[in-house]
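Here, each number is a calculation from the coordinates, and none is a lab measurement. The structure presented is a predicted model; accordingly, all values stated were derived computationally and were not measured. Positions of Cβ are generated from backbone atoms using ideal geometry, with glycine treated the same way; all protein chains shown enter the neighbour counts.
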């Protein structure tokens with residue numbers, strides 16, 4: 001039996017922010033995760049920011065979170081999107097060095113004396129009289145704490161699909177989290193299935209960049225953190241290519257091999273980050289789609305093919321990728337895949353992110369039905385702060401729609417029946433002309 005003030009299950013972007021915020025406030029915190037080598041992993045695009053999301057990162061920074069600091073320390077490209085438009089829609093976006101980001105975040109966690117790490121699978125909640133008391137792991141060990149934050153990402157009963165084949169995993173190469181879903185159901189919480197995906201990773205040395213359009217970073221640097229003296233680093237370009245008529249033909253001819261179209265995946269996918277087969281089917285009138293070629297780090301030749309998420313079979317993916325200009329001779333390092341997982345409909349939470357059914361139990365990140373690192377980190381920060389407030393009988397931190405995108409995000413989640421993975425957009429906020437990335441510190 002092990003005793004803590006707070007247990008956090010999951011060490012993605014929500015879990016890291018929750019652990020660091022709670023530990024800063026003095027809570028003895030256990031961060032439990034399936035694989036300690038995957039703390040702060042970027043399993044999809046190694047990028048932070050973009051429209052609306054840059055506001056989330058600036059707000060996280062203003063509230064004492066660390067995502068902005070870590071991004072500023074590990075970027076390989078900084079770019080302001082919509083720079084020719086008004087300040088309300090300008091958005092900073094960083095391409096991050098994936099490994100450096102993880103290393104820097106883990107250093108922050110291990111530097112905090114209040115955080116203990118544990119590699120284990122949490123399989124059961126310990127609940128008495130509708131109040132959380134801790135968790136049990138797969139080996140039957142008990143970890144007691146009066147507050148628990150679940151930040152399980154896509155791990156709960158996860159299945160990863162490549163074509164009609166699947167493996168039980170929350171992310172390819174990492175086992176699924178089993179048991180906890182049944183424990184949540186046993187304690188009266190409802191679950192639903194959601195779906196997301198990630199594109200292939202390819203070898204930079206097999207790409208002909210001369211057939212693509214270069215996308216450089218900004219000469220005049222801007223940063224996410226409001227701290228002074230942010231580091232000036234060498235920047236690396238991204239590139240733009242496009243799908244072709246042949247790409248679309250290959251996709252259409254193989255839709256029967258898609259687990260989504262074959263009916264194997266029942267979870268609903270993200271409308272605003274669809275797979276390439278979804279784009280081709282839903283936007284049949286469009287002869288081409290942008291595909292961005294983005295480096296995963298400065299010391300690796302692994303390349304992320306943004307905009308080309310798919311769950312089609314591996315051999316079909318080879319044909320599809322080789323139909324793109326510049327990728328005719330490409331070597332695929334990792335295939336694209338779709339992942340289906342359990343989530344907790346956030347209508348069961350209050351604005352503090354504590355569940356209404358079980359006192360002391362908080363949920364943050366993709367378990368609440370969101371999509372994206374920034375959305376997860378924002379929720380994790382709020383959950384960590386409110387775990388401290390709950391344990392100390394203090395007023396909960398509940399941000400409003402009028403003062404933050406974080407407030408808008410959480411209000412949408414806990415008051416609306418979200419049917420698909422939720423992505424933060426400027427259009428979701430009725431106060432978007434006032435909630436700019438350049439005034440987050442003043443607002444919060």
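First check a/c for the stretch 354-444, with a ≥ b ≥ c the square roots of the eigenvalues of its C-alpha gyration tensor; if it is under 1.5, answer rounded, and if not, answer prolate when a/b is larger than b/c or oblate otherwise. It comes out oblate by the Cα gyration axes. Relative contact order, whole percent, for the stretch 201-339 stands at 39, derived from Cα pairs under 8 Å and 6 or more residues apart. Annotation for the stretch 37-113 versus the stretch 328-370: alpha-carbon center distance of 19 Å.
Take the Cα radius of gyration of the stretch 29-172 and divide it by 2.2 N^0.38 Å, N being the number of residues; the result is 1.27. Exposure proxy shown here: for 238, 55, the number of other Cβ atoms within 10 Å sets the order, fewest to most, as 238, 55.
Between helix 53-62 and the chain there is an angle of about 30 degrees, using the helix long axis and the longest principal axis of the Cα atoms.
Here is the tail figure for the stretch 201-339: Cα pairs spaced more than 19 Å apart come to 55 percent of all pairs.
Each residue, residue 441 and residue 131, gets one label point 7 Å from its Cα in the Cβ direction; the gap between the two is 4.2 nm.
Shape index of the stretch 280-392: Rg/Rh, with Rg the Cα radius of gyration and Rh the Kirkwood radius from the inverse mean 1/r over Cα pairs, equals 1.14. Modelled spin-label separation between residue 281 and residue 416, with each label point placed 7 Å from Cα along the Cα-to-Cβ direction: 2.4 nm.
If you count the DSSP beta bridges with both ends in the chain, what percent of them are antiparallel, to the nearest 5? If I count the DSSP bridges inside the chain, around 70 percent turn out antiparallel.
Using equal-weight Cα scatterers in the Debye expression, the normalised intensity of the chain in log10 at q = 0.07, 0.09, 0.11, 0.14 Å⁻¹ is -0.32, -0.55, -0.83, -1.35.
Against the chain, whose longest principal axis is taken from its Cα atoms, helix 98-110 shows a tilt of about 10°. With the cut-off at 1.5 for a/c, could you classify the stretch 206-266 from its C-alpha gyration tensor as rounded, prolate or oblate? Here the stretch 206-266 falls in the oblate category. Over the chain, what relative contact order in percent results from Cα pairs under 8 Å that are six or more residues apart? Answer for the chain is 24 percent.
Between the Cα long axis of helix 13-24 and the first principal axis of the chain there is an angle of about 40°, rounded to the nearest 10.
Quick one: which of 380-392, 352-364 comes out on top by average Cβ neighbours within 10 Å, and what's the full order, highest first?
Result, highest mean first: 380-392, 352-364.
Distance from the C-alpha centroid of the stretch 229-244 to that of the stretch 266-315: 18 Å, rounded to the whole angstrom. Please label the shape of the stretch 149-247 as rounded, prolate or oblate, based on the square roots a ≥ b ≥ c of the eigenvalues of the alpha-carbon gyration tensor (a/c under 1.5 means rounded; beyond that, a/b larger than b/c means prolate, else oblate). Note, shape of the stretch 149-247 comes out oblate.
In µm²/s, what is D for the stretch 53-133 at 25 °C and 0.890 mPa s, where D = kT/(6 pi eta Rh) by Stokes-Einstein and Rh is the Kirkwood radius from Cα pairs?
D = 156 µm²/s.
For the stretch 375-419, the normalised intensity computed at q = 0.16, 0.30 Å⁻¹ comes to -0.45, -1.08 (log10 of I(q)/I(0), Debye sum over alpha carbons, equal scatterers, no solvent).
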